[in-house]
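The values are calculated or read from the model by the stated rules, or taken from the named source; none is laboratory data. None of the values given here were measured: they were computed from a predicted structure. Quick reminder, even Gly has a Cβ in these numbers, built from the backbone with ideal geometry, and neighbours come from all protein chains shown. For the accessible areas, the whole protein counts, side chains as well, though only heavy atoms, and no ligand, DNA or RNA atoms are used. Shrake-Rupley method; radii C 1.70, N 1.55, O 1.52, S 1.80 Å.
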Amino acid sequence: GSVATAPDRSKMGKSAKNQSEKPKKNHGAATAEPAPSPAPLLSASNARRFGVQMLSMLCLLAAWKTGVLKPPAAQVKQVPRRPTGMHFSKTLSLGHMQPFVLERPLGLPAWDTAVLAAQLDMLTGVLSSPEPEFGPAFDASRPLAQLNAQVRPRHKYTESNMTARKFFARAATAHHQYSQHVSLDVSPGLRSQIEYLEKEIVAIYPQASSVTLDLDREDAVTPCRSRAEHTIITLSDGAKKFLLIPPARAASLRVFPHLHPSAGWCRSRLSPVPEMVLVGAQAVQVTLAPGELLYIPPLWTVEAVAERPSVSVVGLVQSGPQRASAAIRRGGGAGGGRG
């Protein structure tokens, strides 16, 4: 009594199709393993660390560009200091090519501005100027001054005689500077106090050495110049700052040539030069304190500023090239006489 229903051919077709699409099992071969996933380039902890470092670098760059953070500026190196032996003349006669400071050398006098103002009488050839710069000097006997009338002094100082009390008077409105041989104005009693110091300086080369007394009012500036001699500067009172540039870097300083009345002096000062430029020129600096000695080799360019009223004893010793040149001149003169 039941009625048989015909099978749904559409469903049967789909089922057969699905069964045919199923992958057939290969009973004769091994089943293939799935390929491993690639390892990450950075672990989680390293990725966090890298992100923090990058963020820090970006923050520093932004601070530098906005001016909040500035890179460290290059600084001019200091002149090295050395201990002093019994006779500093032996230390200075070793042919040094670099400047240095000797601490507490023997024989420095206990001279300060008060002592010299009381015991010195008249000072000869004091330089006075409305401005603190004392240079460049002008030697009218140089050939270029005699051949060209347009070559004139560039300095503004005048030369006169005055008492030591007036030189160091606090009420003085003009700037003063003094540099003369110790035999000119220093009394025998005062000079006896630097006898050992003179002997040590002269002992370096007795035939061609000189010793001067240098006095500076506060802020007095000796613009940059180079000397052919060995220079020994001892400070008894005050404070003096020196800026030095080696001979190999002096070509850019525009120094007056040998025949010029201002031979050896620079055409402009060093102090306005940016510190980065001075570092590139291998400059060195030092502020000399009382009881110290500064040695400057020949041909180094030097600029000095008296930060306080200063008393210095300075020695100039002829260098080897100078002695050779003098010997040639003497030989030429003698040869000419014989001829």
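Across segment 215-284, Cα-Cα distances exceeding 13 Å account for 71% of all pairs. Summarising the amide proton neighbourhood of A239: residues at separation of 5 or more, or on other chains, whose placed amide H is nearer than 5 Å comprise E307, R308. Working from label points 7 Å from Cα in the Cα-to-Cβ sense, the T287 to S93 distance is 3.5 nm. Tell me, what is the FRET efficiency for S187 and Q75 to the nearest 0.05, using R0 = 35 angstrom and their Cβ-Cβ distance as r? Calculated value: 0.20.
Computed from phi, the 3J(HN,Hα) profile of segment 297-312 under the Karplus parametrisation 6.51, -1.76, 1.60 (θ = phi - 60°) reads x, x, 6, 6, 8, 10, 10, 10, 10, 7, 7, 9, x, 10, 10, 10 Hz, with x in place of Gly and Pro. Summarising the label geometry, the points placed 7 Å from Cα in the beta-carbon direction at A114 and R170 lie 1.2 nm from one another. To the nearest 10 square angstrom, what accessible area does F138 show with a 1.4 Å probe? For F138, solvent-accessible area is about 50 Å².
In the complete set of protein chains, residue-level accessible area for K156 is approximately 120 Å², probe 1.4 angstrom.
Excluding ligands, DNA and RNA, the accessible surface per residue across segment 111-168 is 60 Å² with a 1.4 Å probe. Here is the link list: K166/K240; K77/K156; K77/K199; K77/K240. Which ones come out longer than 25 Å on Cα distance? With Cα atoms farther than 25 Å apart: K77/K156; K77/K199. Over every Cα atom in segment 155-281, the radius of gyration and the widest Cα-Cα span, Dmax, amount to 17.1, 48 Å.
Measuring nothing but alpha carbons in segment 74-175 and taking Rh as the Kirkwood radius, the Rg to Rh ratio lands at 1.09. Simple spin-label estimate for S271 and Q180 gives 2.6 nm between the two label positions (7 Å along the Cα-to-Cβ direction from each Cα). The portion of the accessible surface of segment 195-302 made up by carbon and sulfur, rounded to a whole percent, is 55 (1.4 Å probe; DNA, RNA and ligands excluded).
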